[in-house]
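A.B. asks: The following block contains the structure, expressed as structure tokens.
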Amino acid sequence: MIAENVKKVLAEIAGGNNLGEKITLVAATKTRSPEEINEAIDAGIADIGENKVQEFTEKFDLVHGANRHFIGHLQTNKVKYLIGKTALIHSLDREELAAEIQKRAEKANWTADCLIEINIGNELSKSGFSADSAIRAYETLCAYPNIRLRGLMAMLPLSEDEALLRKLCLSMREIYDTIKKKDNNFCFLSMGMSGDWRLCVECGSNMIRLGTTLFGPRRYPARQ
Ligand SMILES: *Cc1c(COP(=O)(O)O)cnc(C)c1O
């Protein structure tokens, strides 16, 4: 079933997003066993993302080769466990975290590829820089030599209001394009989960993070 789901989504996104850009599918693997994750990888998944450091670490050696993303909220005291191990950290959401990543990455002589997280719906329950402060945040975060900024990440609010979601997606793409114009490293707009990914790729997302769509319902609720 997992393999089938993976192949179906990969076929659906093969043509790219609305702008013709290649879409990267990141399998969101929280609560999934190494066996389930390996089934997805064997079916064609090249990128996997965990949202808790403990799970990231526990499963690290048990899953087949893939690019390892970190997609969840990251506490500063856990940064050390990710150094040298991530292809992309999606959740750079505050300057204090950047300072810690910088300190640890520099010590390890490593560069951390990161996305700036934007709280596009201005929700109290979510972290990230506000849309209004995104460009300023980018400029500030550029000062950390061991952090390479690769794009933006956002989680849309849970809402049935498609017009609102579309508006938020398009404003994310606008911020992304503004920065991309002056930064060649900027090439990922990570936006879209199981409930909203089609809308997101219609509005310029080129990286989606899918859990439920690939693996089915989670067996126990993951703490966000
Ligand atoms: C769990 C998770 C996803 C995937 O959620 P689904 O709704 O199961 O597709 C995407 N992004 C983040 C940050 C997550 O924690």
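A.B. asks: If I filter region 145-168 down to residues being open to solvent by 40 Å² or more (accessible area, probe 1.4 Å) and part of a loop (DSSP other than H, G, I, E, B), which single residue comes out as nearest to LEU115 (Cα to Cα)? Show your work before the answer.
C.D. replies: Within region 145-168, the subset open to solvent by 40 Å² or more (accessible area, probe 1.4 Å) is 145, 148, 150, 155, 158-164, 166-167.
Then drop every residue that is not part of a loop (DSSP other than H, G, I, E, B), which leaves 145, 155, 158-161.
Details: PRO145: 15, MET155: 13, LEU158: 22, SER159: 24, GLU160: 27, ASP161: 26 Å.
So the residue we want is MET155.
A.B. asks: List every residue pair whose Cβ atoms lie under 7 Å apart, where the two residues are 6 or more positions apart in sequence or sit on different chains, the first residue falls within region 13-30 and is among the polar types (S, T, N, Q), and the second residue, located anywhere, is within 11 Å of the ligand (Cβ to nearest atom).
C.D. replies: Filtered contacts from region 13-30: THR24/MET207; THR29/GLY49; THR29/GLU50.
A.B. asks: Which numbered condition in (1) open to solvent by less than 30 Å² (accessible area, probe 1.4 Å); (2) more than 16 Å from the chain's Cα centre (by Cα) is the only one that ILE208 fails?
C.D. replies: (2) is the only condition that ILE208 fails.
A.B. asks: Right, here's the next one. If TYR138 meets every condition in (1) within 17 Å of the chain's Cα centre (by Cα); (2) in a loop (DSSP other than H, G, I, E, B); (3) of a type in the set (Phe, Trp, Tyr) apart from one, which number is that one?
C.D. replies: It is condition (2) that TYR138 fails.
A.B. asks: Answer with yes or no whether LEU189 is in contact with an Asp or Glu (Cβ under 7 Å, 6 or more places away or on another chain) and either more than 10 Å from the ligand (Cβ to nearest atom) or under 18 Å from GLU21 (Cβ atoms) (or both). Before the answer, list the steps.
C.D. replies: Values: in contact with an Asp or Glu (Cβ under 7 Å, 6 or more places away or on another chain): no; either more than 10 Å from the ligand (Cβ to nearest atom) or under 18 Å from GLU21 (Cβ atoms) (or both): yes.
The answer is no for LEU189.
A.B. asks: Test of understanding: among ASN17, ASN38, which residue is modelled with pLDDT of 95 or more, touching a helix residue (DSSP H, G or I) at 6+ places or on another chain (Cβ under 8 Å) and of a type in the set (S, T, N, Q)? Quick ask: steps written out before the conclusion?
C.D. replies: Values: ASN38 fails: touching a helix residue (DSSP H, G or I) at 6+ places or on another chain (Cβ under 8 Å).
From the options ASN17, ASN38, the qualifying one is ASN17.
A.B. asks: Checking the structure you have, find out if any residue of region 114-134 is in contact with a Pro (Cβ under 9 Å, 6 or more places away or on another chain) and crowded, with 23+ Cβ neighbours inside 10 Å.
C.D. replies: yes
A.B. asks: On the basis of being outside any loop (DSSP other than H, G, I, E, B) and either of a type in the set (Phe, Trp, Tyr) or within 18 Å of HIS73 (Cα to Cα) (or both), does ARG104 make the cut? Working first, answer last.
C.D. replies: Numbers: outside any loop (DSSP other than H, G, I, E, B): yes; either of a type in the set (Phe, Trp, Tyr) or within 18 Å of HIS73 (Cα to Cα) (or both): yes.
Yes; evaluated as a whole, the condition is true for this residue.
Residues checked against (1) in a loop (DSSP other than H, G, I, E, B); (2) over 15 Å from the mean Cα position of the chain (by Cα); (3) not acidic (Asp, Glu):
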{"position": "GLU4", "(1), (2), (3)": "no, yes, no"}
{"position": "VAL9", "(1), (2), (3)": "no, yes, yes"}
{"position": "GLU12", "(1), (2), (3)": "no, yes, no"}
{"position": "ILE37", "(1), (2), (3)": "no, yes, yes"}
{"position": "ILE48", "(1), (2), (3)": "no, no, yes"}
{"position": "THR57", "(1), (2), (3)": "no, yes, yes"}
{"position": "LEU62", "(1), (2), (3)": "yes, yes, yes"}
{"position": "SER91", "(1), (2), (3)": "no, no, yes"}
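A.B. asks: Looking only at region 192-205, filter to residues that are open to solvent by 20 Å² or more (accessible area, probe 1.4 Å) and either at pLDDT below 95 or assigned to a loop (DSSP other than H, G, I, E, B) (or both); which one of those is farthest from the ligand (Cβ to nearest atom)?
C.D. replies: Among those that are open to solvent by 20 Å² or more (accessible area, probe 1.4 Å) and either at pLDDT below 95 or assigned to a loop (DSSP other than H, G, I, E, B) (or both), it is ASP196.
A.B. asks: How many residues are in a strand (DSSP E or B) and open to solvent by less than 10 Å² (accessible area, probe 1.4 Å) if we restrict to region 65-89? Outline the logic, then answer.
C.D. replies: If we filter region 65-89 for residues that are in a strand (DSSP E or B), which is where we start, we get 67-70, 88-89.
Now drop any that are not open to solvent by less than 10 Å² (accessible area, probe 1.4 Å), which leaves 69-70, 88-89.
So the count comes out to 4.
A.B. asks: Here's a follow-up. Just for region 26-57: of the residues that are surrounded by fewer than 23 Cβ atoms within 10 Å (Cβ to Cβ) and closer than 25 Å to TYR176 by Cβ, which one is nearest to the ligand (Cβ to nearest atom)?
C.D. replies: Looking at the filtered set, the residue picked out is ASP47.
A.B. asks: Continuing with the same structure: Evaluate the following for LEU214: is it outside any helix (DSSP H, G or I), of a type in the set (A, V, I, L, M) and either at pLDDT below 95 or surrounded by 13 or more Cβ atoms within 10 Å (Cβ to Cβ) (or both)? Spell out the reasoning first.
C.D. replies: Numbers: outside any helix (DSSP H, G or I): no; of a type in the set (A, V, I, L, M): yes; either at pLDDT below 95 or surrounded by 13 or more Cβ atoms within 10 Å (Cβ to Cβ) (or both): yes.
So LEU214 fails the test.
A.B. asks: So which of GLU95, GLU123 ends up being more than 13 Å from the ligand (Cβ to nearest atom) and closer than 26 Å to GLU162 by Cα? Can you show your working first?
C.D. replies: Values: GLU95 fails: closer than 26 Å to GLU162 by Cα.
Testing whether each residue is more than 13 Å from the ligand (Cβ to nearest atom) and closer than 26 Å to GLU162 by Cα leaves just GLU123.
A.B. asks: Exactly one condition in (1) within 16 Å of the ligand (Cβ to nearest atom); (2) under 30 Å from ASP132 (Cα atoms); (3) surrounded by 19 or more Cβ atoms within 10 Å (Cβ to Cβ) is false for ASN17; which is it?
C.D. replies: ASN17 satisfies every listed condition except (1).
The values are calculated or read from the model by the stated rules, or taken from the named source; none is laboratory data. The model shown is predicted, which means the values in this text are computed figures rather than measured ones. No Cβ is skipped: glycine too gets one built from the backbone with ideal geometry, and neighbour counts run over all protein chains shown. Just so you know, the surface numbers come from the protein's heavy atoms only, side chains and all, with ligands and any DNA or RNA stripped out. Shrake-Rupley method; radii C 1.70, N 1.55, O 1.52, S 1.80 Å.
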